[in-house]
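Taking it in order: structure first as structure tokens, then the write-up.
Values in this text are rule-based calculations from the coordinates and carry no lab data. Computed from a predicted model, the values in this text were never measured in an experiment. Here Cβ is always computed from backbone atoms with ideal geometry, including for glycine, and neighbour counts include all displayed protein chains.
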Amino acid sequence: MCRHKQRHFKEGIKTMKHQEQPSKDLSKQQLKSMETKARIFNAAKRILKKSGYEQLSIKNICEEAGVSNGSFYHHFKTKDDLLSYYIEEQPSINPDLLDLPSSKEEARETIVYVYLNYVRYCRELGVEFMANYYTPKNQSLNPLIRTERPYPIITVHNYLQKCIDAGIITLSDSLEHITTDIRMIVIGNVFEWCLKNGDADFEGNMRRCLENYLNGVF
């Protein structure tokens, strides 16, 4: 990716982060809601680190956070919905900020860059959190029952569609199949990182796997 593109990409991340910061225009009720959400999530994160997913009940979360069950259900549908909220609310990148690439090589590098940003966010959340989030018991990960997919897939899907429409790339398979493959590659790399308790070359492995796959599909 050229330096100009990298700078533009980073500015896009910075812009989105800035937009997510609490604004003076928010009402007291909105600020209180944000604080309650953060308190509930931090409580869940502590339970995950200390006791694992098995002990992550709504009752335990509410007791740890010092909030009522009603307050929890006001903000989240289930405990998995809570965990997914913080995965999907990571500093996002507006697809419109991703310029069309000048070549298919640049398109590949941009996709890799999106997921390296995701790797950084996983590191911020920590091994314990991610290890307990990526479990078969967390049905919010099941694409068959999800109403919306996590942010990186949405970004990549939209970006690839733009590249296809502009005639820059031609895919060897359907867009849905390719984004599904990418999602599985990412999950595998997260699992490997968690399995090795954070000692795996998370960034290097993610880059290598994605580059090898993308080289074969366009």
Q.
Highest mean first, how do 192-203, 127-138 rank when packing is the count of other Cβ atoms within 10 Å averaged over residues?
A. 127-138, 192-203
Q. When ranked by the protection proxy of mean other Cβ atoms within 10 Å per residue, highest first, what sequence do the peptides 165-171, 98-104 form?
A. 98-104, 165-171
